[in-house]
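Encoded as structure tokens, the structure appears first; notes follow it.
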2 protein chains.
Amino acid sequence: MTSSKTPKKSADESDVNAALESGRRRATINDIARLAGVSKKTVSRVINQSPFVREETRVRIEAVIAEWGYAPDPQARGLAFRRSFLIGMIYDNPNPQYVVNMQLGLLDGMRGSGFELVVHPCDRSSPTFLQDVRMFIERQKLFGVILPPSVSEDERVADLLRDIGCEYIRIASVPLDEEEHMIVGHDRLGAQAMGEHLVGLGHERIGFITGLPSFRSSHERRGGFEDALTKAGVKLDPDYVVQGAYTFESGLACGEALLAKTPRPTAIFAGNDEMAAGVLQAARRAGLTVPADLTVVGFDDFQIAQAVWPPLTTIHIPTREVGRMAAEKLIARDGYEPGDPAKTIPYLVVRESSSSPKKV
Amino acid sequence: MTSSKTPKKSADESDVNAALESGRRRATINDIARLAGVSKKTVSRVINQSPFVREETRVRIEAVIAEWGYAPDPQARGLAFRRSFLIGMIYDNPNPQYVVNMQLGLLDGMRGSGFELVVHPCDRSSPTFLQDVRMFIERQKLFGVILPPSVSEDERVADLLRDIGCEYIRIASVPLDEEEHMIVGHDRLGAQAMGEHLVGLGHERIGFITGLPSFRSSHERRGGFEDALTKAGVKLDPDYVVQGAYTFESGLACGEALLAKTPRPTAIFAGNDEMAAGVLQAARRAGLTVPADLTVVGFDDFQIAQAVWPPLTTIHIPTREVGRMAAEKLIARDGYEPGDPAKTIPYLVVRESSSSPKKV
DNA sequence: GAAGCTCTTGACACCGGTTTCCACTCCCTT
DNA sequence: AAGGGAGTGGAAACCGGTGTCAAGAGCTTC
């Protein structure tokens, strides 16, 4: 019979237990093995869910792990695995609310997985951009990265990631990559919904302010809007489409430009809420009342949409939900099902900034 | 003469070099040691800036390191050091712009240091809050943590950190801890400046909307404001001080409450910009023109301050700069000097929402 | 010329996990 | 009862660094 304890070591063992129990030291895999009366390899098998462990043994080990609140050291594990348990979010989106919501969503999806989120803002126009990204990933041996727009739309980055064999998820408004690397956030559908809303209210002369052309979403939003109008038999006059930059200031300027046109549009659809806020201001300066004289709508449903007067009719983007799904997809834990794509679809939120045009 | 190369190993060596040169493998400390003809321990000494390395040797090793673009593996290093090179930002501040600016500031301060930022939003009211924080820190063996308000104001957290021996920096509006653990963001001074501004414009009947009482900044802002008024011989009527919650909605409600008072205040100072935006809306509903009929001012100088009409006179808080200083203080690299405290002092930004009261 | 010093350097164990390799059970055939 | 395959667990090497400690080189000192 082999005794599961080594009598010779009993003194040492009690010392060890004392140190553990007093909390002076965190439990290691060796402690768990000793306490469970198995080898550390077996404990390792349990941690890594190897099927080659007898049910009874597994249960016993899991009990000890739970009792001592043991959690394997991510660094040691990472060292052996040649990869860390860190997930990087590489972004250049300038909107704080988008960034924070995305972070929250990613953390939602990572909760309980043992992964941690490392944030990495970047500047795509920097000459060292790709080098920086590569350095970041290789040094930290990232498990994977999440790319929100507009980094997600940069093929150089995708190529780099494929090259160095790093897992990644691209979040974009159109499928740019294989399905397993994409979370698509249908901006086009959102813009269509807004188009239908405006047409439904009876607007026919509608101004549109595009976002930054460097974001795919700008084109998708415009495209979706135009789709809806065309389908309803309303023409989007190119003369009423002006180029904005997703900022309040650009919205103000574009709003003034649109309001100066004759005949004046009865509604203006800005590519995001900030620009819509700018349009509201332009309307005020022009002495127009919203929505009586002019309907103004935005896109995103960020906080600003509710903090202006009147509160903006806009398209809600489920950023956090998208983030959650992206993280889940990246770590693809067992028991992972793809997640309901319907939840990533933007939807219309009607507030007080839109109404039917005045009868002339 | 001792040959610095081991002839016996030359075949192996060329294999190794081939793997390295082809980029199939990143350089390790052993490679650098071999290439420089020293032991890995000496390379380690150079990496860790040990003074016990001959100048000539150090230069040679550094040259090899630079040539091969070697960077030590943070996980292996962390394992040996018993701590990681991760810095945690544990926060519960609900304002996205604050959070993002703080993150950017922290990253500014960490740039080039080899540390990475791990974000960790939390809920102080959760029953498992302290447990979660402890788990987060111990599992990741964090180098240190940054605590912005209001987590920074929680003594339970500070006690926990001291208990487990984790470095930390608390960012708060008052010194709550030893100087080395604090970055103080003088809200009081900012509020004083605003008080002086309003008094300087000739206001004497001023409404004040406080922030959430769970934030120290709320009290500091009120206190600073009251200081300035008192100093100028103006009394802050407690009847004109109402309790807000740092949200747009609360600003709207409090604004309406204040505007309903007789006599009506000639100016309203909201504890942050969002509430000020709410007050603007209340004023509009009441048919008042800002600033002709009513001066409205805020605090923070977040984006919303410029995206409302009229743009808000407010107090700018150098959040990013504060973050940078906090990170620098935490990692206290050599060549670190304390940073200019003056840069953390908020300052007045005068826009169009404030003016002298109408002569009655 | 040997002892004593300081300055450099390297051998070796170790951080806490995983993997490889192998031996040893079981259990089922033949 | 012997043979063989699958399941199970231990010993040792390894991941890529750091700490400990002692030894070698070069210079003084007596």
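The values are calculated or read from the model by the stated rules, or taken from the named source; none is laboratory data. Since the structure is predicted, the reported quantities are computational estimates derived from the model, not experimental observations. Cβ coordinates were reconstructed from backbone atoms using ideal geometry, including for glycine residues, and neighbour counts include every protein chain displayed. Just so you know, the surface numbers come from the protein's heavy atoms only, side chains and all, with ligands and any DNA or RNA stripped out. Shrake-Rupley method; radii C 1.70, N 1.55, O 1.52, S 1.80 Å.
Here is the figure for segment B:111-133: residues that are open to solvent by 30 Å² or more (accessible area, probe 1.4 Å), over 18 Å from the mean Cα position of the chain (by Cα) and facing chain A (nearest Cβ under 10 Å) total 1. Picking from residues in segment B:17-58 that are touching an Asp or Glu at 6+ places or on another chain (Cβ under 7 Å) and open to solvent by less than 60 Å² (accessible area, probe 1.4 Å), the one that is modelled with the lowest pLDDT is B:LEU20. If you go through segment A:28-67 and keep only what is within 9 Å of DNA strand C (Cβ to nearest atom), over 27 Å from B:PRO74 (Cβ atoms) and not in a helix (DSSP H, G or I), you end up with A:SER39, A:SER50. Among all residues of segment B:30-51, there is none that is of a type in the set (Asp, Glu), under 22 Å from A:LEU142 (Cα atoms) and within 11 Å of DNA strand D (Cβ to nearest atom). Among the residues of segment B:73-81, is any at pLDDT 95 or above, of a type in the set (Asp, Glu) and within 11 Å of DNA strand D (Cβ to nearest atom)? For segment B:73-81, residues at pLDDT 95 or above, of a type in the set (Asp, Glu) and within 11 Å of DNA strand D (Cβ to nearest atom): present. Look at (1) closer than 29 Å to B:ARG221 by Cα; (2) in contact with a Phe, Trp or Tyr (Cβ under 7 Å, 6 or more places away or on another chain) and you find that B:VAL157 fails only one, number (2). Could you grab the pairs with beta carbons closer than 7 Å, sequence gap of 6+ or different chains, first residue in segment B:23-44 and in contact (Cβ under 8 Å) with a residue 24 or more places away in the chain, second one near DNA strand D (Cβ under 9 Å from one of its atoms) and among the aromatic types (Phe, Trp, Tyr)? Between residues of segment B:23-44 that are in contact (Cβ under 8 Å) with a residue 24 or more places away in the chain and residues that are near DNA strand D (Cβ under 9 Å from one of its atoms) and among the aromatic types (Phe, Trp, Tyr), the close pairs are B:ALA27/B:TYR70; B:ILE32/B:TYR70. Within segment A:206-228, the set of residues being modelled with pLDDT of 95 or more, surrounded by fewer than 21 Cβ atoms within 10 Å (Cβ to Cβ) and over 30 Å from A:PRO338 (Cα atoms) comprises A:GLU226 only. Name the single residue that is least open to solvent (accessible area, probe 1.4 Å) among those in segment B:305-335 being more than 23 Å from B:GLY271 (Cβ to Cβ) and in contact with a helix residue (DSSP H, G or I) (Cβ under 6 Å, 6 or more places away or on another chain). Across segment B:305-335, the extreme among qualifying residues is B:ALA327.
Counting only residues that are of a type outside the set (Val, Ile, Thr) and open to solvent by less than 30 Å² (accessible area, probe 1.4 Å), segment B:238-252 holds 6 of them. Counting just the residues of segment A:138-161 that are of a type outside the set (S, T, N, Q) and over 19 Å from the mean Cα position of the chain (by Cα), which one comes out farthest from A:ARG83 (Cα to Cα)? So the residue we want is A:ARG156. Being in contact (Cβ under 8 Å) with a residue 24 or more places away in the chain and within 12 Å of chain A (Cβ to nearest Cβ): is that true of B:ALA283 here? Considered against the rule, which asks whether it is in contact (Cβ under 8 Å) with a residue 24 or more places away in the chain and within 12 Å of chain A (Cβ to nearest Cβ), B:ALA283 comes out as yes.
Scanning segment B:294-304 for residues that are open to solvent by less than 20 Å² (accessible area, probe 1.4 Å) and within 12 Å of chain A (Cβ to nearest Cβ) yields B:GLY298, B:PHE302. Considering every residue within segment B:79-86, establish whether at least one is aromatic (Phe, Trp, Tyr), under 30 Å from B:HIS316 (Cα atoms) and more than 9 Å from chain A (Cβ to nearest Cβ). No, the conditions are met nowhere in segment B:79-86. Across segment B:68-90, what is the number of residues that are within 16 Å of DNA strand C (Cβ to nearest atom), open to solvent by less than 10 Å² (accessible area, probe 1.4 Å) and outside any helix (DSSP H, G or I)? Residues flagged as within 16 Å of DNA strand C (Cβ to nearest atom), open to solvent by less than 10 Å² (accessible area, probe 1.4 Å) and outside any helix (DSSP H, G or I) within segment B:68-90 amount to 1.
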